[in-house]
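What follows draws every value from the coordinates through simple rules; no lab data is involved. Quick caveat, the model's predicted, so the values are computed rather than measured. Please note: Cβ atoms are built from the backbone with ideal geometry, for glycine as well, and neighbour counts cover all protein chains shown.
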Amino acid sequence: MSAVQNILQRIFKDKNVPTDASKEEFHAFFESAVNDFENSGFLEQTKIAPILTEADFQQKLFENRNKLMLVKYWKRNCIPCLSFAEMFKAAEKQCLDDKLPVVWYSVNIKEKPNKDLVDFQMVDGTPTIQKFFNFRQVGQEVQETRLGGLMKDITGTLKDLDLWRN
């Protein structure tokens, strides 16, 4: 089962999906079900430290200039964001457990103070993960959909930046 199928099953498992609803009614049902799921503790369980403004982003770049900084861009009611949230949180934990020089942050692209940052970073879809080191973006955006692949991407980037310690 794919990550998207898994999260959809979890969101709608106890819901009676309307079969004869209008498009507007179905959209309202869908949004309500997703909001209920997000607010049931899922967002709190998968939370990654937020970046709240462009100035906050600049401060985080400065504070973490000698580490690999991963920034996850996301938004509420985004099924792909929900689908991969647990994997991103697990990767954050694995980086901490393995004492890797990696820090994770998140940016909610729908928060008004983040609009300039999102536009400057040219983020046009969610979820998006960008990597930064020494004040600049490095490598490609993360495209991995499995934890093993994500960790391989992270360790490969650490090796490329000569930050890898065996």
If I fit a long axis through the Cα atoms of helix 54-63 and take the longest principal axis of the Cα atoms of the chain, what angle between them do I get, 0 to 90°, rounded to 10? 40 degrees
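Sum -39500 (n - 2.57) across every DSSP H segment of at least 4 residues in the chain, then divide by the residue count to get the 222 nm mean residue ellipticity, nearest 500. Walk me through the numbers on the way to the answer.
Working: 6 runs with 74 residues, N = 166.
Helix-only estimate at 222 nm: -14000 deg cm²/dmol.
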Taking just the alpha-carbon atoms of segment 45-126, what radius of gyration and Dmax come out, in angstrom? 12.7, 35
Please determine, in degrees from 0 to 90 and to the nearest 10, the orientation of helix 23-37 with respect to the longest principal axis defined by the Cα atoms of the chain, where the helix direction is its Cα long axis. 50 degrees
With equal scatterers on the alpha carbons only and no solvent term, can you work out the Debye log10 of I(q)/I(0) for segment 64-110 at 0.28 1/Å? -1.04
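Would you mind computing Rg(Cα) / (2.2 N^0.38 Å) for the chain, counting N as its residues?
Values: Rg = 17.4 Å, N = 166, 2.2 N^0.38 = 15.3 Å.
For the chain, the normalised Cα radius of gyration comes out at 1.13.
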Listed with the fewest Cβ neighbours within 10 Å leading, THR145, THR126 appear as THR145, THR126
What do you get for the angle between helix 147-160 and the principal long axis of the chain? Use alpha-carbon atoms, 0 to 90 degrees, nearest ten. 20 degrees
If contacts are Cα pairs under 8 angstrom and at least 6 residues apart, what is the relative contact order of the chain in percent? 26 percent
Quick one: net charge around VAL123, please, counting Lys, Arg +1 and Asp, Glu -1 for every other residue with C-beta under 14 Å from its C-beta. -1
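I'd like the per residue volume of the convex hull spanned by the Cα atoms of segment 3-45, given in cubic angstrom. The partial results should precede the final answer.
On the way: hull volume 3.1 nm³, N = 43.
In segment 3-45, the Cα convex hull volume per residue is 72 Å³.
By the scheme Lys and Arg +1, Asp and Glu -1, what is the net charge of all other residues having a beta-carbon under 15 Å from that of ALA28? Walk me through the intermediate numbers first.
Numbers: positive: LYS15, LYS23; negative: ASP20, GLU24, GLU25, GLU31, ASP36.
Around ALA28, the charge tally is -3.
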